Amino acid sequence: MGKNKNNIEIQWVRPHNRGIIPIGKLYCSKSLKKFIKKNEYNISFDKNFKDVIFNCANRKTTWINSTIYELFIDLHYQGFAHSVEVKKKEILVGGLYGLSLGSIFFAESMFSITPNTSKLALIAMMAKINYGGYKVFDTQFPSEHLSSLGGLSISENEFQKKLSYTFDTAAEFDRKPKLKNWEEFLRYGTDN
């Protein structure tokens, strides 16, 4: 991660407790399901990667500096970094991006311009990862917010064991047939 937005240096961070969300086990509240059923938001993957990472970095305080930004653009072109975009009437209002290595998806950052759209991005990406056969959905750091959505905190040792899945090449980010609608995103992304 970058030291801060205006410093091009990268620092390596190894959390003692790692945040993960069990595959396909996001918690979706009744009010969020109601919000989704209004069907006002469309989902796409890898259509606006640069816009997603730009919006994730467009904060007063962020660890996404120009070095991270450029590296992830390169990783995206190489097929390792992916994004999910949440749009309302073709306008980007939420999203998430991360890194895919083997059967692990490392979620890097998410944003929302409209309330709840980062949650929609998280559900859609989790569905895509579950449907594609991934084994681990990493969130880096545990947080109260992610915990309320089903996130867990695991020890550094537990996470080290899970890293062996980076050698498991069975996962497919673009598995066919593609997920089409919110019903499928909810089925593959959530536990309820």
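The values are calculated or read from the model by the stated rules, or taken from the named source; none is laboratory data. Since the model is a prediction, treat every value here as computed from it, not as a measurement. Please note: Cβ atoms are built from the backbone with ideal geometry, for glycine as well, and neighbour counts cover all protein chains shown.
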Query raised in the report: Can you find even one residue in the stretch 46-55 that is surrounded by 21 or more Cβ atoms within 10 Å (Cβ to Cβ) and out of contact with any Ser or Thr (no Cβ under 8 Å at 6 or more places or on another chain)?
Result: yes
Report task. Could you identify the single residue in Lys119, Lys47, Lys89 that is on the phi > 0 side of the Ramachandran plot and not aliphatic (A, V, I, L, M)? Result -> Lys89
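I'd like to check something: does the stretch 72-81 contain any residue that is within 16 Å of Ala107 (Cβ to Cβ) and at pLDDT below 95? Explain how you work it out, then say what you get.
Our first condition is that a residue be within 16 Å of Ala107 (Cβ to Cβ); within the stretch 72-81, this holds for 72, 75-76, 80-81.
This time we only want the ones that are at pLDDT below 95, so: 72.
Checked the stretch 72-81: at least one residue is within 16 Å of Ala107 (Cβ to Cβ) and at pLDDT below 95.
Residues that are of a type in the set (Phe, Trp, Tyr): list the helices (runs of 4 or more DSSP H) wholly contained in the stretch 78-192 that include at least 1 such residues. Show your work before the answer.
Numbers: elements: 117-131, 144-148, 156-162, 182-189.
Fully inside the stretch 78-192 and qualifying: 117-131, 156-162, 182-189.
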Requested in this report: Look through the stretch 145-154, keep the residues that are of a type in the set (S, T, N, Q) and modelled with pLDDT under 95, and return whichever of them is nearest to Lys30 (Cα to Cα).
Outcome: Ser148
Query raised in the report: What single numbered condition from (1) in contact (Cβ under 8 Å) with a residue 60 or more places away in the chain; (2) of a type outside the set (A, V, I, L, M, F, W, C); (3) surrounded by fewer than 16 Cβ atoms within 10 Å (Cβ to Cβ); (4) under 23 Å from Met126 (Cβ atoms) fails to hold for Lys88?
Result: (1)
Requested in this report: Looking at (1) surrounded by 18 or more Cβ atoms within 10 Å (Cβ to Cβ); (2) under 10 Å from the mean Cα position of the chain (by Cα), find the lone condition where Leu99 falls short.
Outcome: (1)
